[in-house]
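Following this message is one structure expressed as structure tokens.
The values are calculated or read from the model by the stated rules, or taken from the named source; none is laboratory data. All of these numbers come straight from a predicted model, not from anything done at the bench. Note that each Cβ is placed from the backbone with ideal geometry, even for glycine, and that neighbours are counted across all protein chains shown. Note: areas computed on protein heavy atoms with side chains; ligands, DNA, RNA excluded. Shrake-Rupley method; radii C 1.70, N 1.55, O 1.52, S 1.80 Å.
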Amino acid sequence: CDHLIDSLPVMLAQHGHSYGARVGREIADIGFCAAKKTRFHGVRLHCLAQRRVGRLPLPTQVWLCGASHHDSKAFIQQQPDLPMTELFGDLAYPTPEIISHLQQQHTRLVAPQKKPKATELTNDEKYYNRLVRRIRQPIESLFNWIQEKTQIQRASKVRSTDALLIHCWGKLAVAFFLLVFNY
């Protein structure tokens, strides 16, 4: 079975407020969310999920890292076990270290191709990237669904590390309960 991987920012503070934020410093720090074009203080929620055609993916591993952890660094630290499957990721994942880790497990990484500097992608490369994005869309939908059901990204009222952990894991527990029982 195929797997999808991505991360979601959980923001304690955004933009200029992120530099003075002090909440949860044991696990939270300052990072940048390229999708939202936002600098934030918080954590990243990483999710590895089993792909299910026509349904939301089923999370198999979920973990938290500081906001400054790049997705590839978080993946290598977690060392997920994915024997003999295909892993669909975004541009953050095709690093030599990740590819080597996955090859040892006989797993193939499928990710969009980066545009070379000062050149354009060929039509075949553009088509390939569209196909990969289409296959990866369910993990984005899963994150949107979790956000819609729990408002997990908005953690501005959190005032301690313990409260941040309760915020993240509590909201995920609710979301997964709803996912399992089809609410």
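Would you tell me the accessible area of VAL53, worked out with a 1.4 angstrom probe on the heavy atoms of the protein chains, in Å² to the nearest 10?
130 Å²
Would you kindly derive the ³J(HN,Hα) couplings of segment 30-42 from the backbone phi angles with the Karplus curve 6.51 cos²θ - 1.76 cosθ + 1.60 (θ = phi - 60°), listing them in order in whole Hz, with x for Gly and Pro?
Those phi angles translate into 9, x, 10, 9, 5, 5, 9, 6, 9, 8, 8, 9, x Hz.
Please identify the DSSP H helices in the chain that span no less than 27 Å along the helix axis (Cα) and have a mean Kyte-Doolittle hydropathy of 0.0 or more.
161-180
Stretch SER160-GLN147 to full length: gain in nm at 0.36 nm per residue minus the Cα-Cα span?
Taking 0.36 nm per residue and subtracting the Cα distance, the gain is 2.6 nm.
Provide the per residue accessible area, probe 1.4 Å, for segment 1-111, rounded to a whole number of square angstrom.
Value for segment 1-111: 49 Å² per residue.
Then there's this: Putting +1 on Lys and Arg Cβ atoms and -1 on Asp and Glu Cβ atoms, find which of LEU164, GLY31, HIS15 reaches farthest to the positive end of the dipole of the chain.
HIS15
Continuing with the same structure: Based solely on its DSSP helices, what 222 nm [θ] is calculated for the chain when runs of n ≥ 4 H residues each add -39,500 (n - 2.57) and the sum is averaged over all residues, nearest 500 deg cm²/dmol?
Rounded to the nearest 500, the figure is -12000 deg cm²/dmol.
Quote the FRET efficiency, to the nearest 0.05, computed for ASP124 versus LYS36 with a Förster distance R0 of 22 Å and r equal to the Cβ-Cβ distance.
About 0.10, to the nearest 0.05.
Between HIS106 and ARG134, what length comes free when the chain is fully extended (0.36 nm per residue of separation minus the Cα-Cα distance, one decimal in nm)?
Full extension from HIS106 to ARG134 adds 7.7 nm.
With springs connecting C-alpha atoms under 10 Å apart, model the chain as a Gaussian network and identify which of GLY54, GLY66, GLY24 has the largest mean-square fluctuation.
Sorting by GNM fluctuation, first place goes to GLY54.
Still on this structure: If each residue of separation counts as 0.36 nm, what is the full-extension length gain between MET84 and ARG25 once their alpha-carbon separation is subtracted?
Gain in length upon complete extension: 17.5 nm.
Right, another one. Work out from phi, with θ = phi - 60° and the Karplus expression 6.51 cos²θ - 1.76 cosθ + 1.60, the ³J(HN,Hα) of each residue of segment 64-70, listed in order in whole Hz, and give x for Gly and Pro.
10, 9, x, 4, 7, 5, 5
With springs connecting C-alpha atoms under 10 Å apart, model the chain as a Gaussian network and identify which of ASP81, ASP29, ASP124 has the largest mean-square fluctuation.
ASP124
Whose amide H sits under 5 Å from the amide H of GLN61, counting only residues 5 or more places off or on another chain, with H placed in the peptide plane?
LEU48
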